[in-house]
Amino acid sequence: MKLEQILLDPSAVYETPQRVLDDASLEKADKIRVLHHWEYDARRVLDSEGEGMDNGDASTVLQSVLEALESLGSGPGEE
């Protein structure tokens, strides 16, 4: 799958952020890009909670994404 497609919806391609880390076909920089897109998506879901929308397990997912980013030496919102 092409990186551009993955970036559109990382959670549709990978079951967990750990799967991104395990994907040998991606370079480190690409993994960071994918995880940052996933982070952005999770934060949007959490922000929508204030609008009365159900955020499901977005906080758990966000924490997993942030841990994956940290393991790659990247912080939240950094590329």
Worksheet item: Under a point-charge model restricted to the Cβ atoms of Lys and Arg (+1) and Asp and Glu (-1), what is the dipole moment magnitude of the chain relative to its Cα centre, in debye to the nearest 20?
Response: 220 debye
Worksheet item: Where in region 1-42 is the amide nitrogen less than 13 Å from a point lying 7 Å along the Cα-to-Cβ axis of GLU67?
Response: 16-19
Worksheet item: Based on the mean of other beta carbon atoms within 10 Å per residue, what is the order of 12-23, 58-69, most packed first?
Response: 58-69, 12-23
Fill in: Accessible area of the chain divided out per residue, in Å², using a probe of 1.4 angstrom
65 Å²
Fill in: Residue-span extension gain [ASP22 to ARG44] - 0.36 nm each, minus C-alpha spacing
5.4 nm
Response to the item:
Quick shape check on the chain: root eigenvalues a ≥ b ≥ c of the Cα gyration tensor, a/c under 1.5 is rounded, otherwise prolate if a/b tops b/c, else oblate, and it reads prolate
Worksheet item: Between SER59 and LYS2, what length in nm is gained on full extension when 0.36 nm per residue of separation is reduced by their alpha carbon distance?
Response: 17.8 nm
Practice prompt. Measure nothing but the geometry: give the 0 to 90° angle between the long axis through the Cα atoms of 58-71 and the longest principal axis through the Cα atoms of the chain, rounded to 10°.
Written response: 30 degrees
Worksheet item: How many percent of the accessible area of the chain is carbon or sulfur, using a 1.4 Å probe?
Response: 46 percent
Fill in: Residue-wise HN-Hα coupling along region 23-30, computed from phi with Karplus coefficients 6.51, -1.76, 1.60 (Hz; x: Gly, Pro)
6, 5, 7, 9, 6, 4, 4, 5
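The values are calculated or read from the model by the stated rules, or taken from the named source; none is laboratory data. Here the structure is a predicted model, which is why all the values come from computation and not from measurement. Note that each Cβ is placed from the backbone with ideal geometry, even for glycine, and that neighbours are counted across all protein chains shown. With ligands, DNA and RNA removed, areas are computed over all heavy atoms of the protein, side chains included. Shrake-Rupley method; radii C 1.70, N 1.55, O 1.52, S 1.80 Å.
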